[in-house]
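Worksheet: one structure, shown below.
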Amino acid sequence: MADLELPKGWVKQKEWWGNPSLGLDSYMKEFINPFTFCKVPVFVFGKFPDILYCIHAGANSSYSGSGCFYPLKPDFIEFMNMVDALHKKKQLFK
């Protein structure tokens, strides 16, 4: 994927840490969890048009979450902006 002008705070990752062998594009941004006030990495990853986000909030999946914007198929920039909007509306962390 060509270099994109990423929304503020988002960083291109070398690979998707969840399964590097898949060769997925991956971006990360740290958000403040409003319930714990801790910095939490959130990843946007996939291959267009199949993009997901993953909240890596703890030691296991009980503390984490993931999602998509189905049936929408936003590109990576739109997807990152949508994750930012969820956080702004206090809907990213449950």
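Name the single residue, out of those in the stretch 61-75 being in a loop (DSSP other than H, G, I, E, B) and surrounded by 14 or more Cβ atoms within 10 Å (Cβ to Cβ), that is modelled with the lowest pLDDT. Steps first, answer last, please.
Restricting attention to the stretch 61-75, the residues satisfying the condition of being in a loop (DSSP other than H, G, I, E, B) are 64, 68-75.
With surrounded by 14 or more Cβ atoms within 10 Å (Cβ to Cβ) added as a condition, the list becomes 64, 68-69, 74.
Working: SER64: 73, CYS68: 81, PHE69: 86, PRO74: 91.
If we take residues in the stretch 61-75 being in a loop (DSSP other than H, G, I, E, B) and surrounded by 14 or more Cβ atoms within 10 Å (Cβ to Cβ), then SER64 is modelled with the lowest pLDDT.
Any residue in the stretch 67-83 that's more than 19 Å from GLY9 (Cβ to Cβ): show its pairings with residues that are exposed (fewer than 13 other Cβ atoms within 10 Å of the Cβ) at Cβ separation under 7 Å, as long as the two are six or more apart or on different chains.
Close Cβ pairs (under 7 Å, with a partner that is exposed (fewer than 13 other Cβ atoms within 10 Å of the Cβ)) amount to LYS73/PRO49.
Pick out the one residue from GLU78, GLU30, GLU15 that is assigned to a strand (DSSP E or B), surrounded by 10 or more Cβ atoms within 10 Å (Cβ to Cβ) and acidic (Asp, Glu). Spell out how you get there, then give the answer.
Details: GLU78 fails: assigned to a strand (DSSP E or B); GLU15 fails: assigned to a strand (DSSP E or B).
Only one candidate passes the filter, namely GLU30.
Just to verify a result, which residue in the stretch 33-45, among those that are touching a residue at least 24 places away in the same chain (Cβ under 8 Å) and part of a strand (DSSP E or B), is surrounded by the fewest Cβ atoms within 10 Å (Cβ to Cβ)?
Quick first cut of the stretch 33-45, residues touching a residue at least 24 places away in the same chain (Cβ under 8 Å) only: 33-35, 40, 42-45.
Still in the list and also part of a strand (DSSP E or B): 40, 42-45.
On the way: VAL40: 19, VAL42: 27, PHE43: 21, VAL44: 23, PHE45: 24.
So, considering only residues that are touching a residue at least 24 places away in the same chain (Cβ under 8 Å) and part of a strand (DSSP E or B), the one surrounded by the fewest Cβ atoms within 10 Å (Cβ to Cβ) is VAL40.
Pick from LYS12, LYS29: which is touching a residue at least 12 places away in the same chain (Cβ under 8 Å) and in contact with a helix residue (DSSP H, G or I) (Cβ under 8 Å, 6 or more places away or on another chain)?
Working: LYS12 fails: in contact with a helix residue (DSSP H, G or I) (Cβ under 8 Å, 6 or more places away or on another chain).
Unique residue meeting the criteria: LYS29.
For ALA85, indicate whether it is hydrophobic (A, V, I, L, M, F, W, C) and in a loop (DSSP other than H, G, I, E, B). First the steps, then the outcome.
Working: hydrophobic (A, V, I, L, M, F, W, C): yes; in a loop (DSSP other than H, G, I, E, B): no.
The answer is no for ALA85.
The values are calculated or read from the model by the stated rules, or taken from the named source; none is laboratory data. Just so it is clear, the model here is predicted, and its values are computed rather than measured. Neighbour counts run over all protein chains shown; Cβ positions are idealised from the backbone, glycine included.
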